[in-house]
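One structure is given below, encoded as structure tokens.
Since every read-out is calculated from the coordinates, none of them should be taken as a lab result. The shown structure was predicted, so the numbers you read here are calculated from the model rather than taken from an experiment. Cβ atoms come from the backbone with ideal geometry, glycine included; neighbour counts cover every protein chain shown.
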Amino acid sequence: MNLTAVNQTDGCQEYFCPERSVSLSVYVILYVAAAAVALLTVCGNLLVIISVSHFKQLHTPANILILSLAVSDLLVGVFVMPLHLPWVIESCWIFGPMMCSFLKFVNFQATSVSVHTVTLIAVDRFLALSYPFIYSEKISPTVICFATLFNWLFSLLYNFTLLFINGNFTDVTCPGECVYNIDEVSSFIDLLVVFLMPCTLIIILYTHVFVIAKKHATAIRALQVHNSTSKNRVSDKSERKAAMLLGILVFVFLLCLLPYYICSLVVSYSNADVFYFRDLTVISFFLNSTINPIIYALFYPWFQKSLKLIFTFKVFNKDSSLMNVQ
């Protein structure tokens, strides 16, 4: 990041951090903003995790996937942002090679878990609307828990292999920089596994979801209101509403994710002129972890009720886990 090379030893360029070219007040504002974003990310996702974990009424397949997404977002707020944002502000890596390796792994883990969790959300909504009877019988919270656990374990094994076992870990990290040294084959595989295939599946499934939701809405408006079908109509309306709300979550996720991967594909890492633009795309991707709890607070009534119970300390009451938050 605009570092100046002073010499080269053992195939590694040695760098020093550039002097600050802006005033101290600007740096203070940047660090305060970075700390505020990280704190908001941590607090927001902790509230989501507490809400879904504590209230038994929220133990649904869709909410378990939201819980998994909140945990990966929490990792970003606790570990990735406090390391990456100072790197961007200082234009220099100041935490040493071990923390660089740690940042690589947590960043890759949180990213892959988030992308695959959003893919599972798209699959869940597609099955709920396309095959409602099979979904109600076969897709239970336990099934989703196993799928979520498999997602985390697969990502853990995949990223450990990608970063450490194939030799990338042995690459020397030069002072002042933290570079993701991944060979071309591994980069291509990672692009397929973490970006192209999941995002293609997400777009295809949610296109089907919105088409199905529109057809259902049209069919319901055409039907006469009968007492015998009112329960099914309410259930169907609930599924369509859940699909629409989760669609907002998926759309915002893709909006934050796509600039980063498009930039990674078309821009060379050696092109210093656009390095700060790459930083902006990375930050926009991280900000998705901050935005997700805000989306829940704005559009999800269950999260609004959960927040009220948490902030009024009613969650400490006996049998508070059985309270109605829907």
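Sorted from fewest to most neighbouring beta carbons within 10 Å, what does the list His208, His84, His116 look like? The order, fewest Cβ neighbours first, is His208, His84, His116. Let me make sure I get this right: for segment 72-159, a, b and c are the square roots of the gyration tensor eigenvalues over alpha carbons, sorted descending. Under 1.5 in a/c it's rounded, otherwise prolate if a/b > b/c, else oblate. Which is it? Here segment 72-159 falls in the prolate category. Fewest neighbouring Cβ atoms within 10 Å first, the residues Cys263, Cys43, Cys178 line up as Cys43, Cys263, Cys178. Going from the residue with the fewest nearby Cβ atoms within 10 Å to the one with the most, Asp124, Asp190, Asp183 rank Asp183, Asp190, Asp124. Legend: distances between Cα atoms for Lys56/Lys138; Lys56/Lys215; Lys241/Lys305; Lys56/Lys308; Lys241/Lys308; Lys104/Lys308; pairs beyond 28 Å are Lys56/Lys215; Lys104/Lys308.
For the pair Leu280 and Ile29, the difference between a 0.36 nm per residue extended length and the Cα-Cα distance amounts to 88.6 nm.
Report note on the peptides 316-326, 102-112, 129-139, 195-205: ranked by the mean count of other C-beta atoms within 10 Å, highest first, their order is 102-112, 195-205, 129-139, 316-326.
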